[in-house]
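The values are calculated or read from the model by the stated rules, or taken from the named source; none is laboratory data. Predicted, not measured: the structure shown is a model, and the values here were computed from it. Don't worry about glycine lacking a Cβ; one is built from the backbone with ideal geometry, like all the others, and counts go over all protein chains shown. In case anyone asks, the SASA skips ligands and DNA or RNA and just uses the protein heavy atoms, side chains included. Shrake-Rupley method; radii C 1.70, N 1.55, O 1.52, S 1.80 Å.
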Amino acid sequence: MTTIFLLAGLSERMGENKMLLPFNGRYLFESTLSSALAFSDRIIAVLGYEEERMRKALAGYDVEIRVNREYRSGQKSSTLAGMDGINDDTAVLPGDLPLLKEEDWIMGMRYLSLNLPSRPEYEGTPGNPVFIPRRLKKSLEESSRPFREFLEDAGIYKYGASIGTVFDIDTKDRYQELIENYSTIPDA
């Protein structure tokens with residue numbers, strides 16, 4: 001399975017590059033990446049905003065880097081940039097989910113092994129990663145529909161998962177909540 005690791009976004013609501021915020025002694029995205037490395041045969045990191053800073057932050061990780069020049073148009077364009085040329089089952093994962101658990105991955109991979117698209121859900125809220133069997137790749141590339149609508153049309157299966165699948169870090173308040181409630185390293 002290939003994980004498309006989305007790091008291209010503008011972080012507009014945060015006001016700064018959220019992927020490079022500190023969390024537990026490293027960058028925020030590194031916690032998310034660690035979970036992906038445990039379950040993925042291949043990781044394609046899709047960059048856009050602050051490409052050079054992100055490249056430096058990824059140095060030393062076994063990831064393939066791709067750049068989405070159309071990153072301002074949203075996640076679907078970054079997903080497609082990551083999927084271009086691969087013929088593999090994929091997991092699509094935004095980089096700002098530092099609380100993902102092992103079981104969040106395991107359930108999605110089970111459905112993927114049955115050739116079914118799936119995504120985690122926490123208390124009715126759709127989460128990530130999204131698991132897409134290779135049989136849907138061409139349809140996704142040809143679809144003009146938003147990513148979420150495409151998945152619904154494809155009959156995506158939703159399974160119960162941890163809060164880590166929906167606890168993304170989009171605002172300063174959410175980041176503060178992360179630090180106050182989930183940090184294992186005390187403030188200096």
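Within the range 126-166, which residues are in contact with a helix residue (DSSP H, G or I) (Cβ under 6 Å, 6 or more places away or on another chain) and β-branched (Val, Ile, Thr)?
Thr165
Looking at the range 8-24, which of the residues that are within 22 Å of Gly82 (Cβ to Cβ) and open to solvent by 30 Å² or more (accessible area, probe 1.4 Å) is farthest from the chain's Cα centre (by Cα)?
My answer is Glu12.
Exactly one of (1) closer than 24 Å to Phe167 by Cα; (2) part of a loop (DSSP other than H, G, I, E, B); (3) open to solvent by 10 Å² or more (accessible area, probe 1.4 Å); (4) touching a strand residue (DSSP E or B) at 6+ places or on another chain (Cβ under 7 Å) is unmet by Ser31. Its number?
Every condition holds for Ser31 apart from (2).
Does the range 80-100 contain at least one residue that is closer than 23 Å to Leu28 by Cβ, touching a residue at least 24 places away in the same chain (Cβ under 8 Å) and open to solvent by 50 Å² or more (accessible area, probe 1.4 Å)? Give the derivation first.
Restricting attention to the range 80-100, the residues satisfying the condition of being closer than 23 Å to Leu28 by Cβ are 81-82, 90-100.
Applying the additional criterion that residues be touching a residue at least 24 places away in the same chain (Cβ under 8 Å) yields 81-82, 90-100.
Applying the additional criterion that residues be open to solvent by 50 Å² or more (accessible area, probe 1.4 Å) yields none.
Checking the range 80-100: not a single residue is closer than 23 Å to Leu28 by Cβ, touching a residue at least 24 places away in the same chain (Cβ under 8 Å) and open to solvent by 50 Å² or more (accessible area, probe 1.4 Å).
Does Ile65 satisfy the condition of being hydrophobic (A, V, I, L, M, F, W, C), farther than 25 Å from Asp153 by Cβ and surrounded by fewer than 18 Cβ atoms within 10 Å (Cβ to Cβ)?
yes
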